[in-house]
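Novice: Supplied in structure tokens, the structure appears directly below.
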Amino acid sequence: MKRRSVTMTDGLTADKVTRSDGCPTSTSLPRPRDSIRSCALSMDQIPDLHSPMSPISESPSSPAYSTVTRVHAAPAAPSATPLPASPVTRRSSEPQLCPGSAPKTHGESDKGPHTSPSHTLCKTSPSPSLSSYSDPDSGHYCQLQPPVRGSREWAAAEASSRQARSYGEKLKELSENGAPEEDWGKTFTVPIVEVTSSFNPATFQSLLIPRDNRPLEVGLLRKVKELLAEVDARTLARHVTKVDCLVARILGVTKEMQTLMGVRWGMELLTLPHGRQLRLDLLERFHTMSIMLAVDILGCTGSAEERAALLHKTIQLAAELRGTMGNMFSFAAVMGALDMAQISRLEQTWVALRQRHTEGAILYEKKLKPFLKSLNEGKEGPPLSNTTFPHVLPLITLLECDSAPPEGPEPWGSTEHGVEVVLAHLEAARTVAHHGGLYNTNAEVKLQGFQARPELLEVFSTEFQMRLLWGSQGASSSQARRYEKFDKVLTALSHKLEPAVRSSEL
């Protein structure tokens, strides 16, 4: 037996259209223009629902549209005041707004022939995104019948409304009342992009240098040498580390500085685009420190044994920075001074070191140099629990490759695993940025109870070193020009100590 398909509509069948006063009289489906006009007439008869968000009333006192009715096609007599049926066909499964509880006119029957059992919508919405718009008193804006006050559904909607308080309201409250200390960082302030260096030799107030000085003044060099000779290597390492941590913003970071930086610590700022000036300042400090230590060694015009003793103390300083203080930044700077071509060529000095300070020579050749090589290649590093200043020089050189002064071949350019080295340093940058607070804690612990000497702190400050090496006028010249000229000065001092042996004399 062949089944017959029947499409149910609101008052419509597949072959007949029930007409009302506002609908066309044609037995065929109406034209689109007439359909739109007829629908507009039908919508004009719907009562005002007084809702700015939805055509469905949120008020519990508006039960006129609280039911969803599925109307079946059946012949019926016209009612006293019928609503015009929509002439647009739709599926029978679609809900229809039915004025089931609307006030009835005189003569209207209690149960019309078109009505069927009504189906109310779910009282609570399972969607958490919709629940954020709910009102415990008037219900969800999509709910046709809000939950009753005191019911389980009403309590769940009230709790969801409290949790889903607008984030804009929270920000407004924080901006008006200020963020408490424990909520630091939850409010956003645009960080300041620094464009000038934190080093200003022209306005530097010094205890040792006069207002106007010339480069490499003999009396000033002698004073610096005496200060460095008065204390041991560990004390020097503590002074260096304290100045390093202040420059790198590991120590001495105030709330105002954190707001201006946009982050808590300088190690985080190093990895960000607006931390470029801090990276350039650290590069300046690194090379200036190396040059000053090289000048201290090459300025020793005494015997080779005296230079070997000074060389031995410099190696001890590097060992203290690496082991005791965990300061990899200045450790690399001291090692850079020892590895300069102008110092490594002093054969008589190195021979005297091996003869008179054998343990220092072995420490330098067998431990310190391999450790620095491993650091530069990203293979090894000190434990985080002992680090106050991580090895960020390769990272800074990578990020500022156009501004970094030439310092021989980079570790990623002279090895077959250059890509792996670069990736290792970039991966290490995440650790550096993440553990800024740990470096601060380690530095405070290692410098606890330390009584610094103001003169030694000044000797290891970058402004003092710039004024000592290039004078009050030359310190403000360009970095590339300063380094180029001083490289020639160091070469001249080295050859004055140990002249090069000519090939004709061999």
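The values are calculated or read from the model by the stated rules, or taken from the named source; none is laboratory data. Predicted model, so just to flag it, every value in this text is computed and none were measured. When we count neighbours, we look across all protein chains shown, and the Cβ atoms used for this are built from the backbone with ideal geometry, even at glycine. The protein model used for the area step is the full one, side chains on, heavy atoms only, and it has no ligands, DNA or RNA in it. Shrake-Rupley method; radii C 1.70, N 1.55, O 1.52, S 1.80 Å.
Novice: Two decimals, Cα atoms only, Kirkwood Rh: what is Rg/Rh over the stretch 247-324? Could you put the intermediate results ahead of the total?
Specialist: On the way: Rg = 17.7 Å, Rh = 15.1 Å.
Across the stretch 247-324, the Cα-based Rg/Rh ratio is 1.17.
Novice: Highest mean first, how do 447-457, 379-389 rank when packing is the count of other Cβ atoms within 10 Å averaged over residues? Mind dumping the intermediate values first?
Specialist: Details: 447-457: 12.1, 379-389: 16.2.
Packing proxy ranking, top to bottom: 379-389, 447-457.
Novice: Something else: Highest mean first, how do 247-258, 267-278 rank when packing is the count of other Cβ atoms within 10 Å averaged over residues?
Specialist: On the way: 247-258: 17.7, 267-278: 19.4.
By packing density, highest mean first, the sequence is 267-278, 247-258.
Novice: Here are some pairs, Lys242/Lys313; Lys242/Lys379; Lys373/Lys488; Lys369/Lys485; Lys313/Lys488; Lys255/Lys379; which of them have Cα atoms lying more than 31 Å apart in this structure? Please report the intermediate quantities before stating the final value.
Specialist: On the way: Lys242/Lys313 20 Å; Lys242/Lys379 27 Å; Lys373/Lys488 27 Å; Lys369/Lys485 28 Å; Lys313/Lys488 25 Å; Lys255/Lys379 36 Å.
Checking Cα-Cα distances, Lys255/Lys379 exceed 31 Å.
Novice: Which percent of the accessible area of the stretch 424-467 is formed by carbon and sulfur heavy atoms (probe 1.4 angstrom)? Numbers along the way, then the final one.
Specialist: Working: 1000 of 1990 Å².
So the carbon and sulfur contribution to the accessible surface is 50 percent.
Novice: So, one more: Just to be sure I follow: if Rg is taken over the C-alpha atoms of the stretch 327-387 and Rh is the Kirkwood radius over the same atoms, what is Rg/Rh? Numbers along the way, then the final one.
Specialist: Details: Rg = 13.1 Å, Rh = 12.8 Å.
Ratio of gyration radius to Kirkwood radius: 1.02.
Novice: Next up: In terms of the ratio Rg/(2.2 N^0.38 Å) built on C-alpha atoms, what value belongs to the stretch 225-268? Don't skip to the end; give the middle numbers.
Specialist: On the way: Rg = 14.4 Å, N = 44, 2.2 N^0.38 = 9.3 Å.
Cα-based Rg divided by the globular estimate yields 1.56.
Novice: Based on the mean of other beta carbon atoms within 10 Å per residue, what is the order of 279-289, 488-498, most packed first?
Specialist: Working: 279-289: 21.9, 488-498: 15.0.
Peptide ranking by packing, descending: 279-289, 488-498.
Novice: Tell me, what does the Kirkwood hydrodynamic radius of the stretch 310-457 come to in angstroms if you use every pair of distinct C-alpha atoms?
Specialist: Numbers: mean 1/r = 0.0595 Å⁻¹.
After inverting the pairwise mean of 1/r, the radius is 16.8 Å.
Novice: Once you charge only the Cβ atoms, +1 for Lys and Arg and -1 for Asp and Glu, what is the size of the charge dipole of the stretch 197-327 about its Cα centre, to the nearest 20 debye?
Specialist: Numbers: 17 positive and 14 negative charges, 60 e Å.
With only Lys, Arg, Asp and Glu charged at Cβ, the dipole is about 280 debye.
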